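Accompanying notes for the structure given below.
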Amino acid sequence: MPAKNSLKTLMMSSAVLGLGGLASGMASANYSDDVVRIGVLTDMSGIYTDLSGEAAVTAVRMAVEDFGGEVNGVPIEVIYGDHRNRADTGASRAREWYDNEGVDMINDLSNSGVALAVAAVAEERQRHAISNSASNIGLTNDYCSPYVTHYTYDAYSLAQGTGKTIVEDGGDTWFFLTVDFAFGIGLEEQVSDVVREAGGQVVGAARHPLDTTDFSSYALQAQASGAEIIGIASTGADAINAINALAEFGVTPDQRPAALLLWYDDIVSLGLDTAQGLLLTNAFYWDANEETREFSQRFYERTGRMPNMAHAGNYSSTMHYLNAVEAAGTDDATAVSEKMRELEINDFFATGGYIRPNGRMVHDQYLWEVKSPDESEYDYDFLRLVNTIPGEEAFQPLEDSTCHLLDND
């Protein structure tokens, strides 16, 4: 027979355990399916694979691991899928995830058409979607909702960075080589507005399909336009092929290309001999400071590559979402949305970042110039900081947004 004190201790321990179990049960009752599930919807097999793909999934998983793998005692799971750069495929996968697989938040969305389609489903299903790889500002305008966040960059910020700087530098006449879907058209429109507001002129544009390999005819059209600036409103392999074509077929001495969305990965593909001197607006560079280098080194050890701004944004936005879930004490989408807009974002990606009512995450953007081979001192030393664009200037003014959540009438 146990001693009296031992029996008392045993009874107290049992009571504590019982209360702990009750508290755990009460906590899990606030979470659907007793799990917080994140889906990474990305390009696993197409033109944007190198910009997002497996590396985007890794960035989200790193955030979950660094958070501790659980929130308020509830496990966090990560799944992923391929949207194949098709809006209908992306929307269908989002419905399946939200309705049947208990996904609470979808991240990455590396295609503007896909991102807009998923945003509509997220609003219908009242579940979260965060875009880090798409640029179309419709996400914080006509497609806005309490559940959609546009996190890393957008076409407006690219126009305010690269486009505005080139116009102010004397690039008055523009011709665009534009990928013919929501991303490219939206980017062309945003930069065209900046050019015209500054007194410049858009003399024409040539639209090309996604994943074009032969840009010879488009390069010749650009050359014949006589425009000072050839604005490349595409990204990834399309932008690389366009830049190489312009170099091969030659623009006139009075013309120069402007890559309106150039990723760090694109510079790796082009090489410094070809890319040197190009300007790009990016929210993140691996070698910017000690914090970015620490994250980037860990990412490199996992993937064999340095992260681009979308990878960094995927990590940061996942961490912010989980912080909001923790603060809300539930994965209820409305409660989490309120906390996401309430909590400030301070990490290696953003300082003093915050989410506006229309879902735009506001943070500084940076204008970079690609170094020459002689300027590069070590591996992956590719960029030189030209200018910091404060978040309030980088993104569309809130009063100009057409988001239905705002009173902008």
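Only the coordinates and a few stated rules stand behind these numbers; no lab work does. Since we're looking at a predicted model, the values are computed, not measured. When we count neighbours, we look across all protein chains shown, and the Cβ atoms used for this are built from the backbone with ideal geometry, even at glycine.
Compute the long axis of helix 333-342 from its Cα atoms, compare it with the longest principal axis of the Cα atoms of the chain, and write down the angle in degrees, 0 to 90, nearest 10.
Long axis of 333-342 versus the principal axis of the chain: about 70 degrees.
Skipping prolines and chain starts, which residues have an amide H placed within reach, meaning under 5 Å, of the one on Gln365, given they are 5 or more residues away or on another chain?
Under 5 Å from the amide H of Gln365 lie the amide H atoms of Ile389, Gly391, each far enough along the sequence or on another chain.
Compute the separation of the alpha-carbon centres of the stretch 336-409 and the stretch 296-331 and state it in Å as a whole number.
When both Cα centres are located, 16 Å separates them.
Hey, what angle do you get for helix 53-67 against the long axis of the chain, alpha-carbon based, 0 to 90 degrees rounded to 10?
40 degrees
Between the DSSP loop rule and a limit of at most 16 other Cβ atoms within 10 Å, which GluC sites (Glu not before Pro) in the stretch 362-398 are left?
Numbers: sites: Glu369, Glu375, Glu377, Glu392, Glu393; in loops: Glu375, Glu377.
Filter output for the stretch 362-398: Glu375, Glu377.
Would you mind counting up the charge near Thr149? Only other residues with Cβ under 14 Å from its Cβ, with Lys and Arg at +1 and Asp and Glu at -1.
-1
Assuming R0 = 45 Å, can you tell me the calculated FRET efficiency for the pair Ser92 and Glu377, based on Cβ-Cβ distance, to the nearest 0.05?
0.40
Suppose we keep just the DSSP beta bridges with both residues in the stretch 33-132; what percent of those would be antiparallel, to 5?
Restricted to the stretch 33-132, the bridges split so that about 15 percent are antiparallel.
What number do you get for the stretch 334-409 when its Cα radius of gyration is normalised by 2.2 N^0.38 Å, N = residues?
1.51
Output the relative contact order of the stretch 187-299, whole-number percent, from Cα pairs under 8 angstrom with separation of 6+ residues. Mind dumping the intermediate values first?
Values: 110 pairs, mean separation 23.8, N = 113.
So the answer I get is 21 percent.
At q = 0.15 Å⁻¹, what is the base-10 log of I(q)/I(0) for the stretch 257-313 according to the Debye formula with one equal point scatterer per Cα and no solvent? Please give it to two decimals.
Debye intensities relative to I(0), on a log10 scale: -0.45.
Sorted from largest to smallest, which semi-axis lengths in Å does the alpha carbon gyration tensor of the stretch 172-250 give for its equivalent ellipsoid, taking the root of 5 times each eigenvalue?
Sorted largest first and rounded, they come to 20, 15, 9 Å.
So what's the projected area for the stretch 268-352, the Cα convex hull averaged over all directions, in nm²?
Mean shadow area of the hull around the Cα atoms is 7.2 nm².
Thinking of the chain as a set of Cα atoms, what percent of all their pairs are more than 40 Å apart? Please report the intermediate quantities before stating the final value.
On the way: 16301 of 83436 pairs.
When all Cα pairs of the chain are counted, 20 percent exceed 40 Å.
For the chain, give the share of DSSP beta bridges that are antiparallel, in percent and rounded to the nearest 5; count only bridges with both residues there. Display every interim value, and only then the final one.
Values: 15 of 48 bridges.
About 30 percent, rounded to the nearest 5.
What net charge is computed for the residues neighbouring Tyr366, neighbours being all others with C-beta under 13 Å from the C-beta of Tyr366, Lys and Arg scored +1, Asp and Glu -1?
Taking every Cβ under 13 Å from that of Tyr366, the sum is -3.
Do you know the relative contact order of the stretch 61-145, to the nearest whole percent, from alpha carbon pairs under 8 angstrom that are 6+ apart?
25 percent.
Give the calculated FRET efficiency between Glu294 and Ala224 to the nearest 0.05, with a Förster radius of 56 Å applied to their Cβ-Cβ distance.
Values: r = 49 Å, r/R0 = 0.88.
Efficiency, rounded to the nearest 0.05: 0.70.
Going by amide H atoms built from the backbone, whose H comes under 5 Å of the H on Arg256, apart from near neighbours?
Amide H neighbours of Arg256, under 5 Å, 5+ apart: Ile229, Ile230.
Can you tell me the relative contact order of the chain? Whole percent, Cα pairs under 8 Å, sequence separation 6 or more.
For the chain, the relative contact order is 17 percent.
Cut-off is 10 Å between beta-carbons; in what order do His208, His363 appear when sorted fewest neighbours first?
His208, His363
What three numbers, in Å, describe the spread of the alpha carbons of the stretch 216-331 along their principal axes, ordered from the longest?
61, 28, 21
Per residue of the stretch 80-92, in order, report the coupling 6.51 cos²θ - 1.76 cosθ + 1.60 (Karplus, θ = phi - 60°) as ³J(HN,Hα) in whole Hz, putting x for Gly and Pro.
Values per residue, Gly and Pro as x: 8, x, 9, 8, 6, 6, 10, 4, 5, 5, x, 5, 5 Hz.
Let me see the pair-distance distribution of the stretch 130-178: every alpha carbon pair, 10 Å bin width, integer percents in order.
23, 41, 25, 10, 0
Could you give the angle, 0 to 90 degrees to the nearest 10, between helix 4-29's Cα long axis and the longest principal axis of the Cα atoms of the chain?
40 degrees
Projected area of the stretch 253-409, taken from the Cα convex hull and averaged over every viewing direction, in nm²?
Values: hull surface 48.5 nm².
About 12.1 nm², averaged over all directions.
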